[in-house]
Amino acid sequence: MHAPSSNRYTVVAILLHWAIAALILFMIWLGWNMEDNEARFQLHKSIGIAILFLSVARVLWRWRNPPPPLPDDMTPWEKRLSHGVHMGFYFLMIALPLLGWLLVSTSRFQVSTVLFGTVSWPHLPFTEGLRGGVVHEVTEFLHSKGAWVLIILLGLHVAGAIKHEVAAEQGVFKRMIPGLFGRPHSPPPAQGYAIAFGGAVLLFAIIAAVPLMKSAPPAPNGPGATGAVSEEAGNWDIDTETSEIAFSGTYQGKPFSGTFGRWDATVLFDPEDLEGSTVAVEVQPGSASTGTKLYDDTLQSGEWFDTNTFPVVKVSLINFEASPEGGYTAKASLLVKEQAVNVPFDFSLIIDSDTATFEGTTTLSRAAMNLGQQSDPGGDWVADEVTVTVKGTATRKE
Ligand code: HEM
Ligand code: HEM
């Protein structure tokens, strides 16, 4: 016998039920199997936030489309238990992602979250003072045990669904499965699409506004973009189109590389007066771009370049000397997060009347620059050594 249409869930409720159920089961497995695997961590966070979104929509949907009444042949305590399990599920569907979010936000290691590799996800506001403290530990406990509570509820839930399908006259299972396998599906009229999904989208738009408001106003890319270096002081202009500052290293043994989009340089260089030559460079580390959003976001975070507090890295080149092989060497002094680091910088230079072509490299230590020293001081993930390459052309000023 088919259930009458009024005794079924709406198609939207059914889709949300099974999508969320499948995602939650996958999430529990993933939660237990993601240690030391950053890609899985990111996936766990991405799907978890997606579950939060779907659950908000689902709760709003249920408010506009109340579930069909439970079968009459269920005893009052069965109805209460069933209702209690469902409410427990709704609570956990919202609470577990929120706890996960709080967990990440209060971690000593401020790991960036990039949902599905594309959307930067902020940490919860007002959690700065809670990092690494007791709140973090309690959250970790609740998030981990919450998954077990969910498993227990699931046991009761599945047992109830089977019992009422097999034993009770009316059954409940058919209320929650789509109209497949020839089973006619005449769902009840649905309403509140805009409220459920619009409401969930609105909530997430509000959350998304936080990082957008924090991020720096867009600035033009390329050399000359910081606008902070005096134009008059130098005798060479760096050509925007052809010049770049690039960096490379390894992450879990795999090479990565990127460039800084925004930097500026004042070049005072004369091969005949090496002692009087100086080069001042200002680089905006917030413009680092590797092609992988997670890396870019991580580089900006507090433990790395902390670009909100220190938007500029200053570099000066002095003590130029001609090297016997034909190029030059200079002393590069970097000021990273107000900490000075000195390294030698070797470069080649060809001056053809008013055009100079240069290329130089140096190796820097993350530890010396105090980058990522809380979460990865030993260079287990990101190798300590980073190579920086500067190349391009410059034009002699009139
Ligand atoms: C319905 C959604 C979620 C479920 C069912 C879930 C489930 C789990 C489970 C079973 C674990 C393993 C816990 C353990 O080791 O005992 C875990 C760990 C973790 N989850 Fe979730 N999670 C959810 C959402 C989230 C979200 C949204 C985030 C972050 C945005 C998150 C962040 C984490 C983190 C960081 C850990 C590692 C905790 C640690 O071992 O210190 N989770 N999760
Ligand atoms: C983590 C996984 C699951 C979660 C979070 C979950 C959650 C829920 C919730 C909250 C409801 C109540 C809907 C409402 O009336 O508002 C529900 C109903 C239902 N679920 Fe699940 N469920 C899960 C897995 C399953 C599984 C594996 C089955 C298959 C046996 C199942 C079968 C049903 C059925 C038949 C109903 C309809 C019950 C009724 O008519 O009262 N669910 N589920």
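Bear in mind these aren't lab numbers, they're just calculated from the coordinates by the rules spelled out. Everything numeric here is computed off the predicted structure, so don't read it as measured data. Here the Cβ positions follow ideal geometry from the backbone for every residue, glycine too, while neighbour counts run over all protein chains shown.
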Q: Could you work out which residue, out of 364, 99, 203, moves most in a Gaussian network model of the chain, that is, has the largest mean-square fluctuation with Cα springs under 10 Å?
A: 203
Q) Which residue, 24, 152, 318, tops the fluctuation ranking in a GNM of the chain built on C-alpha contacts under 10 Å? A) 152
Q: Subtracting the Cα-Cα distance from 0.36 nm times the residue separation, let me have the gained length for residue 161 to residue 79 in nm, one decimal.
A: 28.3 nm
Q. So what is the 222 nm mean residue ellipticity for the chain from helices alone, if each DSSP H run of at least 4 adds -39500 (n - 2.57) and you divide by all residues, rounding to the nearest 500 deg cm²/dmol?
A. -12000 deg cm²/dmol
Q.
Given points 7 Å out from each Cα along the Cα-Cβ axis, report the residue 64 to residue 128 separation in nanometres with one decimal.
A. 3.9
**Q.** Given charges at beta-carbon only (K, R positive; D, E negative), |dipole| of the chain in Debye
**A.** 3400
Q | the range 5-214 - charge dipole about Cα centre, Lys and Arg +1 at Cβ, Asp and Glu -1, debye rounded to 20 | A | 420
Q. In a shell of Cβ-Cβ distance under 10 Å around residue 372, excluding residue 372 itself, what net charge do Lys and Arg (+1) and Asp and Glu (-1) give?
A. -2
Q: Against the globular-protein guess of 2.2 N^0.38 Å, express the Cα radius of gyration of the range 54-139 as a ratio, rounded to two decimals.
A: 1.54
Q) Hey, with R₀ at 35 Å, roughly what FRET efficiency would residue 321 and residue 289 work out to, going by the Cβ-Cβ distance, to 0.05? A) 0.60
**Q.** Residues 266, 389, sorted so that the one with the fewest Cβ neighbours within 10 Å comes first
**A.** 389, 266
(Q) If I build a Gaussian network model for the chain, linking alpha-carbon pairs within less than 10 angstrom, which residue out of 61, 18, 236 has the largest mean-square fluctuation? (A) 18
Q | FRET efficiency for residue 17 and residue 202, using Cβ-Cβ distance with R0 set to 25 Å, rounded to 0.05 | A | 0.65
Q) Say R0 is 51 Å: what FRET efficiency, to the nearest 0.05, do residue 351 and residue 381 get from their beta-carbon distance? A) 0.75
Q: Just grab the label-to-label distance for residue 333 and residue 86, each label 7 Å out from Cα along the Cβ direction, in nm (one decimal).
A: 7.2
Q: Output the Cα-based Rg and Dmax of the range 336-379 in Å, rounding Rg to one decimal and Dmax to a whole number.
A: 15.9, 50
Q) What does the chain give for Rg and for Dmax, in Å, if only its C-alpha atoms count? A) 29.4, 100
**Q.** Karplus-derived 3J(HN,Hα), 6.51/-1.76/1.60, for each residue of the range 99-104, Hz, glycine and proline x
**A.** 4, x, 5, 5, 4, 5
Q) What lysines sit close enough to residue 391 to cross-link, taking a C-alpha to C-alpha distance under 30 Å and skipping anything fewer than 8 places away on the same chain? A) 254, 293, 314, 331, 337
Q) Simple spin-label model, 7 Å along Cα-to-Cβ: residue 241 to residue 148 in nm? A) 6.6
Q. What is the fewest-to-most order of 123, 157, 17 by other Cβ atoms lying within 10 Å of their Cβ?
A. 17, 157, 123
Q | Local electrostatic count, residue 256, Cβ distance below 15 Å [Lys/Arg +1, Asp/Glu -1] | A | -3
Q) Exposure proxy check: 334, 98, 202 ranked by fewest other beta carbons within 10 Å? A) 202, 98, 334
Q) Mind checking the alpha-carbon convex hull of the range 5-214 and giving the volume per residue in Å³? A) 143
Q | Calculated P(r) of the range 303-398 - Cα pairs past 16 Å, % | A | 64
Q.
On the principal axes of its Cα set, how long, how wide and how thick is the range 222-396? Give whole Å, largest value first.
A. 48, 34, 27
(Q) Just want the answer: with Cβ charges of +1 for Lys and Arg and -1 for Asp and Glu, which residue in 327, 11, 70 is farthest toward the dipole's positive end in the chain? (A) 70
